[in-house]
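The values are calculated or read from the model by the stated rules, or taken from the named source; none is laboratory data. If you're wondering where the values come from, they're calculated on a predicted model, not measured in any experiment. Note that each Cβ is placed from the backbone with ideal geometry, even for glycine, and that neighbours are counted across all protein chains shown. All accessible areas refer to the heavy atoms of the entire protein, side chains included, with ligands and DNA or RNA removed. Shrake-Rupley method; radii C 1.70, N 1.55, O 1.52, S 1.80 Å.
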Amino acid sequence: MKKTLLTPEKIVKKLKDAFKDKIKETRIETRKAGQKKKEYTNIWIKIHRDAFKKCVKYITDKIDYPHLAVVSGNDLGKNIELIYHFSVYYGHRLGEISINISVDLPKEDPRIESICDIIPGALITEREKQEMLGVIVEGIPDSRRFFIPDDFPEGIYPWRKDEKGPQKFVRDLYEGDKK
Amino acid sequence: MKTTYTLPIGPIHPALKEPVMFEFEIDGEKIVNVDVKAGQVHRGIEWIGTQRNPIQILYLAERICGICNISHPFAYCRAVEYIADVEVPEKAEYIRVIIAELERIHSHILWAGVAAHEVGFDSVLYLSWRLRENVMDLIEYLTGNRVTKAMFTIGGVRRDITKDQYPKIENTIKYYRENMGKLKHVFLDDKTFKLRCRDCGILTKDNALKLCAVGPTTRASGVKKDVRVDQAYSAYGDLDIDYITPDILTGEVKGDVYDRIVVRLLEVEQSLDLIEQCLDRMPTSGNIAVEEKIPKLLATLKKVEGEGIGRHEAPRGEVIHYVKLTGEEHPYTWKVRAPTYNNILPWIPMLLGEQIADIPIVAASTDPCLSCTNRVAIVENGKKNILTGEDLHRLSVEKTRRLMRK
């Protein structure tokens, strides 16, 4: 069965129609490359966390089964931003569209729903976000650490830029030797 | 009642370089459960990157991995160029593709050798690595180095490939065209190889999709996913390229270890073809970088704000870098995702139901950029027996010999 491929504009419109004011911001960016100046597109979407999981489900059901590359994260001061890098329409020559969905989580309540039941391959990157940024992924099938060793102190998150970050560790690198 | 026991393998492990920890639940010889733990070599590279400026990160990115030392700078440069909206000169795009494809050739042949070693065919290991030397020589000739090639800069490349260098490239392509048939014959027509690799370590198409597998691992299961084909980046948009799946050669997709060998060997031939296309189409004149003076480039980059992703199809699969710049000396965030990250979960369905002696070849079949053999501890009734990496390798070799005698 041949799928009809939606244009990036149509994808954004579909998502906006489905989630209305839950979508705070959308950007469609294209870049050209090579001699023939063929284009590729990135879609950036900022969505409210309540609608995030529904949005992933919507993309899976109505657009294409997305490939989740990774989740990256930013410490933005008051909030933690998670960016889910999806791509759809892979398997079509030059047809792939990257969809980057970002979600802001307030630091006092950094909860986000797990998407492992939709995309089981999200497990490792969700575990990484828990240990690196201190977010709480609700409903994650396995919440152990993945990269950070078990003897690393609790409550320190290497990607944070606030007091929970690793700065003290780096500054006092030789503390361990003094004992 | 049957009892199972736990078999921890790692943190130093049978497949390849670098550590990863496996915990197998074993029922007799059969694997009934698998758990993977990583992070033994977590070096905090992303954090180090946020203490450096965008040019310095290039050198760090290159040293993330010895084999993918083009793939990481490629993805990183693409991310920064995306943010700054830099259009790379056409000639540089072609040089990038040539170097990246040379890297794929050497990486896949290196892997083929390792795979042969894992099943106990060391003469094949030497044969493949002997073949690999030629492309390493060419890489050294073009870039000045065998491993860390330092070819990339933001907005272009650092060294040109000139017309008088073409004959050497063409000679190497000719050499591989003559010898790939032999390598394919050794790997794909051998009866014992087939016995060890056919229907072993199967990853179904459904699992490959759901577990977000990348690279040859996912293509061997029939998922058409290859950034080079999917996205018009660098010169790949101009070139004639298609997805490599095992049915091209064998007429069917099984998703086993054998299929993963097929895909990689076919991709070596595809890379030769791509390099030839590049030589044909590459402009002979023009700049190779938008700005050759590094301080000037850095000054521009320090003013740039925004976020972007850069992706590239490394030999092992898609590598993606996310960069956020805030108009300061250092990037605000730098996230690196290497292909093996996504190929960890697919190991689990591959290994379930297989035998202990199959662990090395199945684990190696995703071409993990992670780990290497040292010791294995078998915990049985509270007693601990340490199996060395050599023991595990011996088990694998013995299985091959057993099959050969049959």
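General remarks:
- DSSP bridge pairs, the protein assembly as shown: antiparallel proportion in percent, nearest 5: 85 percent
- Cleavage-rule hits (trypsin sites (Lys or Arg not before Pro)) in the range B:9-97: DSSP loop, at most 16 neighbouring Cβ within 10 angstrom: B:ARG43, B:ARG52, B:ARG63
- Theoretical FRET efficiency, 1/(1+(r/R0)^6), r = Cβ-Cβ of B:ARG401 and B:LYS296, R0 56 Å, to 0.05: 0.35
- With all protein chains modelled, accessible area of B:SER285 [1.4 Å, Å²]: 90 Å²
- Only Lys, Arg (+1) and Asp, Glu (-1) charged, at Cβ; chain B dipole about Cα centre in debye: 960 debye
- Evaluated on the protein assembly as shown, the Kirkwood hydrodynamic radius is 24.7 Å, with distances taken between all distinct Cα atoms.
- For the segment A:76-86, counting C-beta atoms of other chains within 10 Å of every residue's C-beta and taking the mean gives 2.
- Residue-normalised accessible area of the range B:39-181, expressed per residue, 1.4 Å probe, Å²: 33 Å²
- Extension gain, A:ASP109 to A:THR60, is 14.9 nm, computed as 0.36 nm per intervening residue step minus the present C-alpha separation.
- The distance between label points at B:GLU29 and B:ASP137 comes to 4.4 nm (points 7 Å beyond Cα on the Cα→Cβ vector).
- Each DSSP beta bridge with both residues in the range A:8-151 is either parallel or antiparallel, and the antiparallel ones are about 75%.
- The mean number of partner chain beta-carbon atoms within 10 angstrom of a residue's beta-carbon across peptide B:342-355 is 1.
- Residues B:HIS42, A:HIS85, ordered by accessible area of protein heavy atoms at a 1.4 angstrom probe radius and largest first, appear as B:HIS42, A:HIS85.
- Whole-percent carbon and sulfur share, accessible surface of chain B, 1.4 Å: 50 percent
- Heavy atoms of chains A and B lose about 4700 Å² of accessible surface on contact, summed over both sides with a 1.4 Å probe.
- Residue order for A:THR60, B:THR162, B:THR300, B:THR366 - accessible surface, 1.4 angstrom probe, largest first: B:THR300, B:THR162, A:THR60, B:THR366
- Here the label points at B:TYR5 and B:SER123, each 7 Å from Cα along the C-beta direction, are separated by 3.7 nm in the simple model.
- Accessible surface computed residue by residue for the range A:8-151, with neighbouring protein chains in place and a 1.4 Å probe, gives 39 Å² per residue.
- GNM top mover of A:ARG145, A:ARG127, A:ARG31 - chain A, alpha-carbon springs below 10 Å: A:ARG31
- Counting Cβ atoms of other protein chains within 10 Å of each Cβ in A:87-93 and taking the mean gives 6.
- If R0 equals 56 Å, the separation of the Cβ atoms of B:TYR175 and A:ASP117 corresponds to a calculated FRET efficiency of about 0.65.
- The accessible area of B:LYS296, taken with all protein chains in place and a 1.4 Å probe, comes to roughly 120 Å².
- The accessible area of B:PHE152, taken with all protein chains in place and a 1.4 Å probe, comes to roughly 10 Å².
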